[in-house]
Amino acid sequence: MSSIFTRRRFLIGSAASLGAVGLTGCDDISQNQHVQKVLALAERLTMGTQRLIVSPQTLAREYTDADISPSFHPNGSIQPNSPEYVRMVETQFADWRLKIDGMVNRPMEFSLADLKKLPSRTQITRHDCVEGWSAIGKWQGVPLGLILQTAGLKPGARYAVFYCADELEQTLDGSGRYYESIDLIDAFHPQSILAYSLNGKDLEVEHGAPLRLRVERHLGYKHAKYVMRIEIRDRFDDLWGGNGGFWEDRGYEWYAGI
């Protein structure tokens, strides 16, 4: 277990160093071949180690209430401004629905109230941002695996793709809207949840209301906020930039394990 934490600290430290030289600018990372090589090597090492040595059920460290950070810095978008999302905020997400479709036997929709009636998991974990900061928070939500089991997966399904309400770039083809993807091994990890609560309160807008993904063995940008739809797929290379996520299409690594 100590080797896992050592690798985690190394990767977070590397991310912080990269952030200090401009990682927050996606043009820099996509144009810097040295950075690309470092990230590719880190990704292969991390994914290979976690998949071959560490059990798929191994948990990221969990903390106590006493460890919760006094403030939790929001990552990524903090205020989607689409008319649709603004209306949902005004109605306290009464009309919001999470759509589950793609390679499932039973396409489904869930209201926020529906999700809160399902079995939940609460976990106090550390969020590690690629920019170099960390914060500990208490998350509550529905296990992602439970939702996928309810919908039923078709043969050949490999990935869960999360489509979000925040649009970081104005584009005609939709490529500026945030999306993320994980494989089904990580989707069924015990700590992979669709969170609707942070520190005992419903998510605020800046933290991804009404629903965000928590995948605790991955860097922060994998934790998609403002989730509107989950599509189950056998590939993602046919989506926009072909790399499985908004930031991945701009040079970030796909697995982003820590």
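Set Lys and Arg Cβ to +1 and Asp and Glu Cβ to -1, take the dipole of the range 168-244 about its Cα centre, and tell me which of L198, G242, L213 lies farthest positive.
The residue sitting farthest along the positive end of the dipole is L198.
If I stretch the segment between V54 and A94 completely, what's the gain in nm (0.36 nm per residue apart, minus their alpha carbon distance), one decimal?
Between V54 and A94, full extension yields an extra 10.3 nm.
Could you order peptides 61-70, 204-213, 223-232 by the average number of other Cβ atoms within 10 Å of their residues, highest first?
Top of the packing list down: 223-232, 204-213, 61-70.
Which of the peptides 79-85, 109-115 is most tightly packed, and how do the rest follow, going by the mean number of other Cβ atoms within 10 Å of each residue?
Averaged packing, sorted descending, gives the order 109-115, 79-85.
Testing the spin-label approximation: label points 7 Å from Cα along Cα→Cβ at E109 and M47. State their distance in nm.
Placing both labels 7 Å along Cα→Cβ, they lie 3.5 nm apart.
Students often check this: by mean Cβ neighbours within 10 Å, which of 239-248, 194-203 ranks highest, and how do the rest follow?
Descending mean neighbour count gives 239-248, 194-203.
With r defined as the distance between the Cβ atoms of D237 and N81 and R0 fixed at 30 Å, what FRET efficiency is calculated, to the nearest 0.05?
0.50
Mind checking the full-extension length gain between K117 and S71? Use 0.36 nm per residue of separation minus the Cα-Cα distance, one decimal, nm.
Difference between extended and current length: 13.7 nm.
Read-outs throughout are calculated quantities, based only on the coordinates presented, and are distinct from any laboratory measurement. This one's a predicted model, so the numbers in the text were calculated from it and none came from an experiment. Quick reminder, even Gly has a Cβ in these numbers, built from the backbone with ideal geometry, and neighbours come from all protein chains shown.
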